[in-house]
């Protein structure tokens, strides 16, 4: 157990150190956090869309659930402190509490959405998750306690990029260990041939639902993290466009490859950000050109999906993983 | 009482429009087992074509039978061609690949269309500016059927109104649905469609031109969608790029509720959804409209996942 | 009790629309049995297998596996609130495993992983899988309790996998060892780490059997295990199947086209034609049956040699 948790503990230490070193550099912190949140979203979505071969296109909905749950909790406890601890530590503990709560509520939503739709064929999930995203948006917009269409502001900005990247590490570790566990093997089997998996004693529905719950949990955490470093949380951040962005990431990276999801998430987050600043500079500080570029992004995503499917459906990495390559290379080196 | 009747009428009118779109989903699902995500967006393209035709035709032809027919026919033909193109270049190459690839492609096309149409793109040729892409703003749809109260019942503050466009769309939709039912069950093409839907490999072995049947199904579905889209635009008096996605999703929900792949089921599901939406909105608030369909869907999937009229289909082993 | 049939099929019929694909099919498999199911193409053999394993619920009749009836009426759907027929995985866990006529391996998984998927860790963390399944099968409140215990088990399994607890690692080692053993029995050890789709055809068929054995069955249903093999491979396979039966204490029911082979190894044979059972008996009895000869039209055992 201790040995099993060792990588996570090491990662926590590393993240704290990095945060202490680079914490003052605001632009870097913001960008790194943004990238981190997208990586968490992509890697977690890959569990259900890639490893299990189902297709959810409402990940942003779960992100929203996490963001609002975490945000509301932190707003309510903004003034509270655990007396004996230094303020930073106490704040971070409250933050972790909010993150876990956000993840848990999102996971429950995942259960509610997954149970009816995952008993059916994969494409039903696509519709139901899309619908779920819409329902969440409508509910948030109609609930004054959540800030309605204006959004939630004043959530304490407690999440540094160190915290975000600690969760990035956790989600990657989770994905890797899942893939190599009996649970993960069953998911691969479902992806390959659902009828055969069922005939071999795999309770396909239960496995799919649990994979979906896990995926939703991390989406919720990503949302809660997001709520703690952006100034305003509003429904506009969790639209269908956001869900599609994540889908494009994992499809481009290669459905089923955590490495692919990670790489594509980093690249596809930095690229538009880079373009935006580039075009703002080109336009002499006028943001309208950058906005134009931003608009073009979405149709390009759509075309990109079609082109990838027509030419290279396995994406960049297929189902290969960086750590497998490393293991093979080390084996070769030893021989 | 009057309120109830009014909601009933509005709900039925909305339901018939959903039904036309739902038929497209159900037919394509029947032959290809593919949820054609882009169906709603094809519809949206059709509405913009109709908008352009009406605009070019000029105001003086609005409300005339010939004018309305022209708008509908051109838009339906354009959509049929567009559906054919999508099938030929995006779906056909993937037909033997895993089902997920076509699903992702369909999502991609849908996304490209609905957000592509939100761009502002115009070219300047010889001093005139031609709009290529309409932009995100919602535009007023020309009143090609001049709205007029066909029937009014009751006193001023409590009355039931039936609009002429409600009657017209109901009639058009009903005629198309009856026609479709005849086509599927009484013609050679319909028989081929049913054979392909049963098993397209076996159908091919029996000499049925599978490619042509599938292409035909797409054209038919797209044309129906264009018609539905125009009716919707007339009802809403507006057109915007995201309308396809929303109406398409609701129509899909309707098809699932009725039992996907089942033609009468899609119609019943669509009417049920139209009524349900109208009553919820009528008695609560219009901001909940978009949530109704999906709530309904989740309930149906929980209680009867194969839909009201569908049968559980075991995969062939 | 030990002689109770492991698999009991009573008057099972299946209709697809108006077509009767199988009618009044009855059969028993006990421990140590090696029975054959033969018949011309389209006779309903694979349909019979699908009915037994829960792919298509029978329209009429009863299928009893290990003393538990697996089917309810076909008309009952699979809604959350309605009790439908047992799902294939539940039937599998009662001790009925199968192979597929058109090989359905997990193509992108290694041979080892194909078998490991089947060996569900039966030593669940808290409550034994056997127990939860029996509870679920019993129905009523017991079913609910069984489901709850199973869910707890499932989620505990996760944590063990994420934290790589000693228990988890030990279990993984056991599962891997068992899978290796099965691969060796089927003569596939040299293919251990290769992807299933890269295996030659005959080995894919053997891997299917290894995978089915991984689920720890009491009864094994083999759907044309020798299809596409040459005469020598077929002979070897049949010897192997008989060995498997004795080694694992199985009852085996197999579908095969090659009459000579079936006659050679099966103790009892059921002949289907157009969904009807036209003959049942020892190979000698079946061979002499005029109805069988007629059904095969010159493909009589003598001529097939």
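The values are calculated or read from the model by the stated rules, or taken from the named source; none is laboratory data. All values derive from a computational prediction rather than experimental measurement. Note: ideal-geometry Cβ built from the backbone for every residue, glycine included; neighbour counts use all protein chains shown.
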Quick check on this structure: which one of A:156, A:182 is away from chain B (no Cβ under 12 Å) and at pLDDT below 90? A:182
Answer yes or no as to whether residue B:132 is more than 8 Å from chain A (Cβ to nearest Cβ), over 22 Å from residue A:249 (Cα atoms) and within 25 Å of the chain's Cα centre (by Cα). yes
How about the range A:76-183: which helices (runs of 4 or more DSSP H) wholly inside it have at least 3 residues that are within 30 Å of residue B:251 (Cβ to Cβ), touching a helix residue (DSSP H, G or I) at 6+ places or on another chain (Cβ under 8 Å) and in contact (Cβ under 8 Å) with a residue 60 or more places away in the chain? A:87-118, A:122-142
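Residues are listed down the side, and each one gets a yes or a no for (1) away from every other protein chain (no Cβ under 13 Å); (2) under 30 Å from residue A:49 (Cβ atoms); (3) surrounded by 24 or more Cβ atoms within 10 Å (Cβ to Cβ):
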| position | (1), (2), (3) |
| --- | --- |
| B:12 | yes, no, no |
| B:21 | yes, yes, yes |
| B:39 | no, yes, yes |
| B:43 | yes, yes, yes |
| B:89 | no, yes, no |
| B:95 | no, yes, no |
Kindly indicate whether any position in the range A:234-251 is within 12 Å of chain C (Cβ to nearest Cβ), surrounded by 24 or more Cβ atoms within 10 Å (Cβ to Cβ) and within 19 Å of residue A:49 (Cα to Cα). no
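Has the range B:132-143 got at least one residue that is assigned to a helix (DSSP H, G or I), closer than 24 Å to residue B:71 by Cβ and touching a residue at least 60 places away in the same chain (Cβ under 8 Å)?
From the range B:132-143, those assigned to a helix (DSSP H, G or I) are none; that's our starting set.
Looking through the range B:132-143, none of the residues is assigned to a helix (DSSP H, G or I), closer than 24 Å to residue B:71 by Cβ and touching a residue at least 60 places away in the same chain (Cβ under 8 Å).
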Matching residues in the range C:284-298 (modelled with pLDDT of 85 or more and either outside any helix (DSSP H, G or I) or not assigned by TED's automatic domain parsing to the domain that holds residue C:256 (or both)) number 1
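Which residues, taken from the range C:15-35, are touching a residue at least 60 places away in the same chain (Cβ under 8 Å) and in a strand (DSSP E or B)? Working first, answer last.
To start, the set of residues in the range C:15-35 that are touching a residue at least 60 places away in the same chain (Cβ under 8 Å) comprises C:20-27, C:29-35.
Of everything in the range C:15-35, those that are touching a residue at least 60 places away in the same chain (Cβ under 8 Å) and in a strand (DSSP E or B) turn out to be C:20, C:21, C:22, C:23, C:24, C:25, C:26, C:27, C:29, C:34, C:35.
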For the range B:121-135, give me the residue count where each residue is out of contact with any helix residue (DSSP H, G or I) (no Cβ under 8 Å at 6 or more places or on another chain) and at pLDDT 80 or above. 1
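Kindly indicate the residue of the range C:56-69 that is assigned to a loop (DSSP other than H, G, I, E, B) and touching a helix residue (DSSP H, G or I) at 6+ places or on another chain (Cβ under 6 Å) and also nearest to the other protein chains (Cβ to nearest Cβ) among those meeting that condition.
Among those residues, the one meeting the criterion is C:56.
Does at least one position in the range A:20-29 carry a residue that is under 15 Å from residue A:225 (Cα atoms) and touching a helix residue (DSSP H, G or I) at 6+ places or on another chain (Cβ under 9 Å)?
Step one: of the range A:20-29, the residues under 15 Å from residue A:225 (Cα atoms) are A:29.
Narrowing further to those that are touching a helix residue (DSSP H, G or I) at 6+ places or on another chain (Cβ under 9 Å): A:29.
There is at least one residue in the range A:20-29 that is under 15 Å from residue A:225 (Cα atoms) and touching a helix residue (DSSP H, G or I) at 6+ places or on another chain (Cβ under 9 Å).
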Residues (within 11 Å of chain B (Cβ to nearest Cβ) and either surrounded by fewer than 13 Cβ atoms within 10 Å (Cβ to Cβ) or in contact with a strand residue (DSSP E or B) (Cβ under 6 Å, 6 or more places away or on another chain) (or both)) located in the range A:278-295: none
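Just name the residue that is farthest from residue B:98 (Cα to Cα) out of those in the range C:113-122 that are more than 7 Å from chain A (Cβ to nearest Cβ) and buried (at least 20 other Cβ atoms within 10 Å of the Cβ). Show your work before the answer.
Initial filter on the range C:113-122 (more than 7 Å from chain A (Cβ to nearest Cβ)): C:114-115, C:119, C:122.
Imposing the further condition that a residue be buried (at least 20 other Cβ atoms within 10 Å of the Cβ) reduces the set to C:114-115, C:119.
Values: C:114: 20, C:115: 23, C:119: 27 Å.
Restricting to residues being more than 7 Å from chain A (Cβ to nearest Cβ) and buried (at least 20 other Cβ atoms within 10 Å of the Cβ), the top hit is C:119.
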Given the conditions (1) surrounded by 12 or more Cβ atoms within 10 Å (Cβ to Cβ); (2) part of a helix (DSSP H, G or I), which single one is not true for residue B:69? (1)
Restricting attention to the range B:247-303, and to residues there that are outside any helix (DSSP H, G or I) and more than 19 Å from residue A:139 (Cβ to Cβ), which single residue is nearest to the other protein chains (Cβ to nearest Cβ)? B:260
Being at pLDDT below 90, on the phi < 0 side of the Ramachandran plot and within 14 Å of chain B (Cβ to nearest Cβ) is true for just one of A:60, A:126, A:145, A:78. Which residue is that? A:126
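Is it fair to say residue C:236 is farther than 30 Å from residue A:174 by Cα, modelled with pLDDT of 85 or more and within 12 Å of another protein chain (Cβ to nearest Cβ)?
Details: farther than 30 Å from residue A:174 by Cα: yes; modelled with pLDDT of 85 or more: yes; within 12 Å of another protein chain (Cβ to nearest Cβ): no.
Considered against the rule, which asks whether it is farther than 30 Å from residue A:174 by Cα, modelled with pLDDT of 85 or more and within 12 Å of another protein chain (Cβ to nearest Cβ), residue C:236 comes out as no.
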